[in-house]
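Some notes on the structure that comes next.
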Amino acid sequence: MIRRVLPSVLLVLLALMVLPFAWHALTRPVLALQGAPEALDRLFHPGAPLSNLAIYAHMITGAVITATVPLQLLPVIRRRAPGLHRLSGYTLATTAVFTGLAGLLYIALQGSVGGPWMSGWFALYGALMILAASNTVYYAIDKDVTRHRRWALRLMVLAVGSYLYRLHYGLWFATTGGIGVDDFHGPFDRAMVWAFYLPYLALLELWFLGERRLSRKPA
């Protein structure tokens, strides 16, 4: 019983944990459009409407997928409301692709505050999100439940990546006072541009490997 309920409880807790971050990301572009000083920073560039539109779209759609992807994976919704699961899944996957494309467009137009090193790793992050969202839908249409589930879990890891990025910084500052942080160019900054998603994806792949080995064991 506990093994059946625990994944759902963890997914709901994750959705609640990311909610404040998602709300901040959702409202920040609105405040920036209104000219609020606290929302205007190096992400937004006067006289650059296309890159500003790209980062606005990236933040808004990113907030949506961060807050809702964990709930999409709830088994109770998949079992009791399969139609809703499919519809919301297609919507979220499309939103995730749009998030990745908007982020890649912004990087191509403006780069990132951490320079080429950050731009390269963030571009890989966006490309992986597009890949995960596309394959999640592809294997759902193909009715390959196993691969669909695995790509959906990869998408969830990537969708909460922005939250994890900021969580890592918060924990680092709380424990070390910010050692190695230097305006996105310090040693910790340079590690964080890949450490907020690649290790989690690697752990997920190890879990999948364990599942494959268990499934091959004789009964």
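Laboratory data are not the source of any read-out in this text; all were calculated from the coordinates shown. Not measured: the values here are computed from a predicted model. Positions of Cβ are generated from backbone atoms using ideal geometry, with glycine treated the same way; all protein chains shown enter the neighbour counts.
In region 114-219, one over the average inverse separation of all distinct C-alpha pairs is 15.5 Å, which is the Kirkwood hydrodynamic radius.
Computed over region 31-149, the P(r) tail beyond 21 angstrom holds 46 percent of alpha carbon pairs. Once the C-beta distance of L6 and A174 is scaled by a Förster radius of 41 Å, the resulting FRET efficiency is 0.90 to the nearest 0.05. Every Cα-Cα pair of region 121-181 was included, and the share exceeding 19 Å stands at 46 percent.
Mean separation of Cα pairs under 8 Å and 6+ residues apart, divided by the residue count of the chain: what relative contact order is that in percent?
Numbers: 206 pairs, mean separation 38.0, N = 219.
Relative contact order here is 17 percent.
Sorting the segments 145-153, 89-97 by their mean number of nearby beta carbons within 10 angstrom, highest to lowest, gives 89-97, 145-153.
The angle between the Cα long axis of helix 161-176 and the main principal axis of the chain comes to about 70°, on a 0 to 90 degree scale. Of the residues N52, Y197, L11, the one whose Cα sits farthest towards the positive end of the charge dipole of the chain is L11 (charges of +1 on Lys and Arg Cβ, -1 on Asp and Glu Cβ, taken about the Cα centre).
Ordering G103, G89, W172 by Cα displacement along the dipole of the chain toward the positive end leaves G89 in first place; charges were set at the Cβ atoms of Lys, Arg (+1) and Asp, Glu (-1). GNM on the chain, alpha-carbon springs under 10 angstrom: the most fluctuating residue among P49, P29, P75 is P49.
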